[in-house]
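Notes to accompany the following structure.
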Number of protein chains: 2
Amino acid sequence: MSAEIICVGTELLLGDILNSNSQFISQQLAYLGIPHYYQTVVGDNPERIKQAIKTATSRSEILIFTGGLGPTLDDLTCETIADFFGVPLVEKTEIIEDITKKFAQRGRVMSPSNRKQALIPQGAEILPNSTGTAPGIIWQPHPGLTILTFPGVPKEMQQMWLDTAVPFLKSQGWGQEVIYSQSLKFWGVSESALAEKVSSYLNLQNPTVAPYADKGGVRLRISAKAPDLNKAEELITPVAEQLRQIAGLDYYGSDNDTLASVVGQLLQKSATNLSVAESCSGGSLGKLITEIPGSSNYFWGGIIAYDNSVKVKCLGVNNDDLINLGAVSAKVAEQMAIGVKTSLQTTWGLSITGIAGPGGETETKPVGLVYIGLAGPENEVKSYECLFGNQRTRSLLQQLSASTALDKLRRSLLEKI
Amino acid sequence: MSAEIICVGTELLLGDILNSNSQFISQQLAYLGIPHYYQTVVGDNPERIKQAIKTATSRSEILIFTGGLGPTLDDLTCETIADFFGVPLVEKTEIIEDITKKFAQRGRVMSPSNRKQALIPQGAEILPNSTGTAPGIIWQPHPGLTILTFPGVPKEMQQMWLDTAVPFLKSQGWGQEVIYSQSLKFWGVSESALAEKVSSYLNLQNPTVAPYADKGGVRLRISAKAPDLNKAEELITPVAEQLRQIAGLDYYGSDNDTLASVVGQLLQKSATNLSVAESCSGGSLGKLITEIPGSSNYFWGGIIAYDNSVKVKCLGVNNDDLINLGAVSAKVAEQMAIGVKTSLQTTWGLSITGIAGPGGETETKPVGLVYIGLAGPENEVKSYECLFGNQRTRSLLQQLSASTALDKLRRSLLEKI
């Protein structure tokens, strides 16, 4: 028994809109434990919609449609489904009444074209739309096949799903088993290296473990199928614990954790605070830190020292070192870190200087070369050389620099606590 | 003749990620004038991938795959395609060399599991991946059927599409009739207000004009269908010109222009330079500015004055004003702007102070209240009060503050030039 999503709309085939409906329904099906192996997108064309229905009915028992329920001529989903199963459409007076009432609430009169939305296949139930005018249907055209239709507008579709489809699917025995996932997040290790380290876990059946590359980091998703959330967590917890042990310090958090939120927690735990000095990252590090609510508790601020004059004036970087070693050097990174820590009077000072490209590389310093400086509580200073490669975009190099700087601070904080 | 998109990945079926790849490819197919009637999503399962191929080959002549090209065991796209057509995989030494080189550039050694990425079906051509390790293929397993594969990582896929797939498809005779679009971008006007101003243009047939809300701004997309790019541009240019005139100063740029790139051009044109002082935006403004290559020509740097002590110490903000008026006030915004301009010795000083939430609001100052300060060439100072509303996320409020600050500077620069 499995479900299949069929999204109807030429605007999807033209790339005018992003298909967020299929993501929402996918998450909901996973949560209810309903297996789901295929999704199809098809345009507003009756013959092709019928072909999609034919393929889908050959392999799935629940068909979930979105889109094509509107009042205009190119909205064909409902009549095409009825036609495919050879069933006439009937007009539902309760739909007409509902649409008339909604128009009246907005001080308008129902357009004649909206009458079309009151036609549903004979034998189908109305799937009410509390916010918009387009209702859906719940229909079993024959035993063992269930059809649900939703409008394409995401907010309407989601409300209808939660209000009516979920209780209906639960009444059919679904949701007795849930699929629950937890993500473990890692930094400073490649996807392939981590996958090799944990290779024996990648063949597990319940929970399953799957690796994903994740914006410069790596994620391991652990998914369990169980009668309820608690049982799923019982399956996941020991595996998560083992994976964390194998990964060691490369593991930084789970699910909604970010490097910035984890660093924030560690700073608060150690009652220390932070300032930053940014050259090539230009504010990206400050942005990541201050995206976390409550970051004012531990983040004092920073200096964006983009021009060398600012490095000298606001951070006390030695002008001779700038000339002799260059702004992109370990020593300048260290001076920037100690400079901002001193100037803003914080426990930690974290700095970034590098070549974000395009251009700016020299014979010895390629695009993607970044130095991170870290000054600590006792004014001890360290620096780290990173080679992010010259094939990445400027914006990605800035983000990688900022994330890696946070990761270096995280590791130092863990040593101190 | 039509193309079909097949996205492979269990993470899509679980709703872990949004399928942005199919939107990108859809737009590109529309641009090339290649008909496209179906999209399929299928998990990392060889039997189901084969079923999707079977269905797709029965109705489409170009199959475009994304996902499942990685180095791990659940990446099965390439070998499953080969298996479906009964063709062996062969190892390509040039792929091994390319991957080894990319690892070396990042100071790493290639993992043994990456060898898998060098296997492609006998007879297929390599579709090179300039940024990542997973190459794709271009393959005609039999006359009248073309297969293209791409990795799932959007940035890699897009680059490969533009670099190799587009020239290949054009060499096959596609792109004879193009659909070409130009986007005009606006800030400081709502989508509905702009749509009303230009309402008579929204019914045009060729080019068409469609409004979109765009991260706090608005976009008008003008699309023309024509035998070639020049002819399409001839249709678009006069309409674009009229729309720009109607919108006046709310129009800021086209297509890949951003507020930051436009401000950068205006600063260079006026031979002036800029520094920033950021409180609630925490680095977001610096980040937007420095994402533009060459921004070091006009951007000196900034102070992230998150804590009030930094506002006093590094920006010379009056402590009494902080106590009596609060950090979120017009006067403090003005002092921050003049403070950073003076300290970093730039022509312009731009500042942001506000309440990004959640929490932090007072009886008179709601979440979403932001003051922008702007100090100009003659040390004249202005400030702007913005109410972005308390329903938006912290991160969106930070981004809106930074973009609006750039827009205020843009309007002032236009007055001077």
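The values are calculated or read from the model by the stated rules, or taken from the named source; none is laboratory data. Values in this document were obtained by computation on a predicted structure and should not be read as measured data. Neighbour counts run over all protein chains shown; Cβ positions are idealised from the backbone, glycine included. Just so you know, the surface numbers come from the protein's heavy atoms only, side chains and all, with ligands and any DNA or RNA stripped out. Shrake-Rupley method; radii C 1.70, N 1.55, O 1.52, S 1.80 Å.
The numbered conditions (1) under 18 Å from B:Gly302 (Cα atoms); (2) within 12 Å of chain B (Cβ to nearest Cβ); (3) touching a residue at least 24 places away in the same chain (Cβ under 8 Å); (4) buried (at least 24 other Cβ atoms within 10 Å of the Cβ) are all true for A:Gln345 except (4). For region A:356-385, residues that are buried (at least 24 other Cβ atoms within 10 Å of the Cβ) and in contact with a Lys or Arg (Cβ under 6 Å, 6 or more places away or on another chain) total 3. Checking A:Gln159, A:Gln140, A:Gln176 one by one, the residue that is of a type in the set (S, T, N, Q) and modelled with pLDDT of 95 or more is A:Gln140 and no other.
Of all residues in region A:361-417, those satisfying the criterion of being over 21 Å from B:Ser130 (Cα atoms), within 14 Å of chain B (Cβ to nearest Cβ), part of a helix (DSSP H, G or I) and not small (Gly, Ala, Ser) are A:Thr404, A:Leu406. Taking A:Ser412 as the residue in question, decide whether it is open to solvent by less than 10 Å² (accessible area, probe 1.4 Å) and either among the small types (Gly, Ala, Ser) or in contact (Cβ under 8 Å) with a residue 24 or more places away in the chain (or both). Taking the combined requirement at face value, the residue satisfies it. Residues of region B:167-178 include none that is β-branched (Val, Ile, Thr) and either open to solvent by 40 Å² or more (accessible area, probe 1.4 Å) or under 30 Å from B:Leu397 (Cα atoms) (or both).
Tell me yes or no: at least one residue of region B:180-189 is more than 30 Å from B:Glu94 (Cβ to Cβ), modelled with pLDDT under 90 and within 14 Å of another protein chain (Cβ to nearest Cβ). Yes, there is a match, as at least one residue in region B:180-189 is more than 30 Å from B:Glu94 (Cβ to Cβ), modelled with pLDDT under 90 and within 14 Å of another protein chain (Cβ to nearest Cβ). Against the condition modelled with pLDDT of 95 or more, open to solvent by less than 50 Å² (accessible area, probe 1.4 Å) and among the charged types (D, E, K, R), how does A:Lys197 come out, does it pass? Answer is no for this residue. If I filter region B:30-57 down to residues being among the hydrophobic types (A, V, I, L, M, F, W, C) and modelled with pLDDT under 95, which single residue comes out as nearest to B:Ile147 (Cα to Cα)? My answer is B:Ile34. Could you tell me whether A:Ser351 is closer than 30 Å to B:Leu396 by Cα, in contact (Cβ under 8 Å) with a residue 24 or more places away in the chain, within 10 Å of another protein chain (Cβ to nearest Cβ) and open to solvent by less than 10 Å² (accessible area, probe 1.4 Å)? No; evaluated as a whole, the condition is false for this residue.
Does B:Ile25 fit the bill of being modelled with pLDDT of 95 or more, within 31 Å of the chain's Cα centre (by Cα) and more than 7 Å from chain A (Cβ to nearest Cβ)? Answer is yes for this residue.
B:Ile5 fulfils the conditions (1) open to solvent by 10 Å² or more (accessible area, probe 1.4 Å); (2) within 19 Å of A:Thr10 (Cα to Cα); (3) touching a residue at least 60 places away in the same chain (Cβ under 8 Å); (4) of a type in the set (A, V, I, L, M, F, W, C) except for a single criterion, (1). Would you be able to say whether some residue in region A:44-51 is open to solvent by 10 Å² or more (accessible area, probe 1.4 Å), within 7 Å of chain B (Cβ to nearest Cβ) and of a type outside the set (S, T, N, Q)? Yes, there is a match, as at least one residue in region A:44-51 is open to solvent by 10 Å² or more (accessible area, probe 1.4 Å), within 7 Å of chain B (Cβ to nearest Cβ) and of a type outside the set (S, T, N, Q). Picking from residues in region B:230-251 that are open to solvent by less than 30 Å² (accessible area, probe 1.4 Å) and in contact (Cβ under 8 Å) with a residue 40 or more places away in the chain, the one that is farthest from B:Ile303 (Cα to Cα) is B:Ala232.
Please list, ordered by residue number, the strands (runs of 3 or more DSSP E) wholly in region B:16-107 having 3 or more residues that are under 25 Å from A:Ser22 (Cβ atoms).
Passing ranges, in order: B:36-42, B:62-66.
Residues in region B:282-332 that are open to solvent by less than 30 Å² (accessible area, probe 1.4 Å), at the interface with another protein chain (Cβ under 8 Å from one of its Cβ atoms) and in a helix (DSSP H, G or I): 8 in all.
Going through region B:233-281 one residue at a time, which ones are within 14 Å of chain A (Cβ to nearest Cβ), more than 14 Å from B:Leu350 (Cα to Cα) and at pLDDT 95 or above? Those that are within 14 Å of chain A (Cβ to nearest Cβ), more than 14 Å from B:Leu350 (Cα to Cα) and at pLDDT 95 or above: B:Thr258, B:Ser261. Of all residues in region A:333-342, those that are under 18 Å from B:Gly286 (Cβ atoms) and open to solvent by 30 Å² or more (accessible area, probe 1.4 Å) total 0. Screening B:Phe65 against (1) touching a helix residue (DSSP H, G or I) at 6+ places or on another chain (Cβ under 6 Å); (2) within 11 Å of chain A (Cβ to nearest Cβ); (3) open to solvent by less than 10 Å² (accessible area, probe 1.4 Å) leaves a single unmet condition, (2). Among the residues making up region A:131-149, a single one is within 28 Å of the chain's Cα centre (by Cα) and open to solvent by 40 Å² or more (accessible area, probe 1.4 Å): A:Thr131.
Sub-7 Å Cβ pairs linking a first residue in region A:96-115 that is among the aromatic types (Phe, Trp, Tyr) to a second residue that is open to solvent by 100 Å² or more (accessible area, probe 1.4 Å) and not in a helix (DSSP H, G or I), at least 6 apart or interchain, are A:Phe103/A:Val109, ordered by first then second residue. Annotation note: of A:Gly123, A:Gly152, the sole residue that is surrounded by fewer than 22 Cβ atoms within 10 Å (Cβ to Cβ), of a type outside the set (A, V, I, L, M) and either within 14 Å of another protein chain (Cβ to nearest Cβ) or in contact with a strand residue (DSSP E or B) (Cβ under 7 Å, 6 or more places away or on another chain) (or both) is A:Gly123.
Filtering B:Ser296, B:Ser284, B:Ser254 for residues that are of a type in the set (S, T, N, Q) and touching a Leu at 6+ places or on another chain (Cβ under 8 Å) leaves a single hit, B:Ser254. The residues on offer are B:Lys116, B:Lys92, B:Lys102, and the sole one that is of a type in the set (Lys, Arg), more than 11 Å from chain A (Cβ to nearest Cβ), within 30 Å of A:Val198 (Cα to Cα) and crowded, with 16+ Cβ neighbours inside 10 Å is B:Lys92. Scanning region A:263-273 for residues that are part of a loop (DSSP other than H, G, I, E, B) and not aliphatic (A, V, I, L, M) yields A:Ser270, A:Thr272, A:Asn273. A:Leu32 passes every criterion in (1) more than 25 Å from the chain's Cα centre (by Cα); (2) over 16 Å from B:Val41 (Cα atoms); (3) more than 10 Å from chain B (Cβ to nearest Cβ); (4) not β-branched (Val, Ile, Thr) apart from (1).
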